[in-house]
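Structure, as structure tokens:
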Amino acid sequence: MKQIYFCFVAIGLVLVPSVGAAEPCRVEIVEEGSGWPVPLVELRTVHHVRLVSDNAGVIAIDLPELMGVETWFDVIGHGYEMPKDGFGYRGVRLTPEPGQTRRVTVKRTVLARRLGRLTGGGLFAESQKTGRDLDWLESPGIFGCDSVQTVRHGGKLFWAWGDTQVPRYPLGLYDMLGATTVENPLLGKVLEPPLKMDFDHFRDEAGRPRNICRMPGSGPTWMSGPVSLPARDGTRKLGGYYVKIKPPLDAYESGLCVWNEDSRTFDPLKTLWTRSDQTPKAPPAPEGHANLWKDPEGVEWLLFGNPLPKLKCRATFEDWSNPAAWEHLTPPETLPSAADGKPVKLHSGSIAWHPWRGRWITIFMEHFGKPSAFGEIWYAEANSPFGPWGSAVKVLSHENYTFYNPRIHPGFAPDDSPALLFEGTYTATFAKDPPATPRHDYNQILYRLDLDDPALKNLRKN
């Protein structure tokens, strides 16, 4: 009997086919009308599996339990959506099949178009699982980057980010990550997705990304307002404003720092403020984002603000580094909404001159907006960087998620183009406990706003 039993077992082993890994089903998320791929759209199953489109607008479905099975997916898109069904659900039914392609068309409900993620890991991971975009090579060792600062210096565009997540440990870099690109990294390219930005990051001897602005003292160093300025000695110097931070988010020192071309790090230049009982708050300083502006006499000035100018000085290294040369400004705290006239409180953002529009423009985050307290982004414009600023139009919204410190990128689009490009930090922080979006959380997302949009045509009258 044992011999017969073992014989049947052996036959069974021969007859049962081997089970291997199935080829993924490629799902392409595209925008209604344009057909553009849409990154950062989440498909969520009824058993709570979360799948998120990459910079190619692709999701690779490889779950064995879904193959060949009609499956409902909730669609969560932060400005891109599906129509509601009879029960109020926004989603789509798909039947994934190995090696096949499915397409999901979503409607854009905001003015700004999402181009893709600039930082972090796995920018094209989903598409690469399906055998495409294999020419894209990751910049290793970086999983998350906080708010960005940029300045043109030495024939390149200099980038610096705040706290940075790395793969090797939950605590990453806290003294600014840095990189360079060509001065206009998207100029000459089609300003539509898929977005591919090549950064040359500053790295240590082991090839790992490193800090570039470690100032003396405990806690993180945050640097903002970087400027590239002519000095009396005939050189051009790269400088910035820094603050030292103690947990949870308390500043205790601020100062100015200067880039060391040999060590490729920032060195301290001077301390501006140290926290004490007599000086509990830092005085106004050249922080935020810097813009160049010429007055009617042709004198060039630096304007610093976040978003609107709060301080100005002549555009020389000596004036920038001398607090006695700084002039303090008082920008408005609110702008009227173009929709209903109600005041919109400004929080963080930036300004720039837009050649096609022929005006100064601002992109800013609303302070305690709705539906997201720190995820509602607005646009406004003026004839002068000092105002008066006209009414504001909401151009981007988030579903219980944060998008802060938006940064305009002047020069990314041609002067004769109505396109305006800006990025910001996408994070679950400061929202109402949403699940963090895989790969995308705590990273920089780039958007395009077309200033010839009919929704903005009447702003010129303000």
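Annotations for the structure displayed:
- Nearest-ten-degree value, helix 2-15 long axis tilted from longest Cα axis of the chain: 50 degrees
- Potential lengthening of the chain between GLU23 and ASP452 amounts to 150.1 nm, from the contour at 0.36 nm per residue minus the alpha-carbon distance.
- Shown for the chain: the carbon plus sulfur share of the solvent-accessible area, taken with all protein chains present and a 1.4 angstrom probe, equals 54%.
- Computed from the Cβ-Cβ distance with R0 of 56 Å, the FRET efficiency linking GLU65 to ARG208 stands at 0.90.
- Value of D in µm² per second that Stokes-Einstein yields for the range 329-456, Kirkwood Rh from Cα pairs, at 10 °C (1.306 mPa s): 106 µm²/s
- Rg/Rg_ref, the range 29-68, where Rg_ref = 2.2 N^0.38 Å and atoms are Cα: 1.28
- Pairs of Cα atoms nearer than 8 Å and 6+ residues apart set the relative contact order; for the chain it is 11 percent.
- Label point of THR109 set 7 angstrom out along Cα-Cβ; within the range 27-48, amide nitrogens under 15 Å from it belong to 32, 41-42.
- Alpha-carbon radius of gyration plus Dmax, which is the widest Cα pair, for the range 157-199 in Å: 13.7, 39
- Computed over the chain, the P(r) tail beyond 30 angstrom holds 50 percent of alpha carbon pairs.
- Counting all C-alpha pairs of the range 206-358, share separated by more than 24 Å (%): 42 percent
- Ellipsoid fit via the Cα gyration tensor, the range 205-296: semi-axes of 23, 21, 12 Å, each the root of five times an eigenvalue, largest first.
- Using the rule -39500 (n - 2.57) for each DSSP H run of four or more residues, divided by the residues of the chain, the 222 nm mean residue ellipticity is -1500 deg cm²/dmol.
- Across the range 216-266, the mean sequence separation of Cα contacts (distance under 8 Å, 6 or more residues apart), normalised by length, yields a relative contact order of 30 percent.
- Accessible surface, the chain, averaged per residue in Å² (probe 1.4 Å): 47 Å²
- Once the C-beta distance of THR334 and LEU171 is scaled by a Förster radius of 60 Å, the resulting FRET efficiency is 0.95 to the nearest 0.05.
- Based on Cα atoms of the range 372-429, Rg over Rh with Rh as the Kirkwood radius reads 1.02.
- Length gained when the stretch ASP233-LEU187 is fully extended (0.36 nm per residue, less Cα-Cα span): 13.2 nm
- Seen from a random direction on average, the alpha-carbon convex hull of the range 92-137 projects onto 4.9 square nanometres.
- Remark: the range 180-186, residue by residue, has Karplus-estimated 3J(HN,Hα) of 10, 9, 5, 4, 10, x, 10 Hz, where x stands for each Gly or Pro and the curve is 6.51 cos²θ - 1.76 cosθ + 1.60 at θ = phi - 60°.
- Relative intensity, log₁₀ I(q)/I(0), of the range 157-249 from a Debye sum that treats every alpha carbon as a point, q = 0.10, 0.17 Å⁻¹: -0.36, -0.92
- Between ASP74 and GLN278, the simple spin-label model (points 7 angstrom out along Cα→Cβ) gives 5.7 nm.
- Stretchable slack from LEU137 to ASP200, in nm (0.36 nm times residue separation minus alpha-carbon distance): 21.4 nm
- Contact order normalised by residue count of the range 191-244, Cα under 8 Å, 6+ apart, percent: 25 percent
- Every Cα-Cα pair in the range 91-230 was counted, and those over 23 Å apart are 49% of them.
The values are calculated or read from the model by the stated rules, or taken from the named source; none is laboratory data. As the structure is a prediction and not an experimental result, all values here were calculated from the model. Don't worry about glycine lacking a Cβ; one is built from the backbone with ideal geometry, like all the others, and counts go over all protein chains shown. Please note that ligands, DNA and RNA were not included when accessible areas were found on the heavy atoms of the full protein model with its side chains. Shrake-Rupley method; radii C 1.70, N 1.55, O 1.52, S 1.80 Å.
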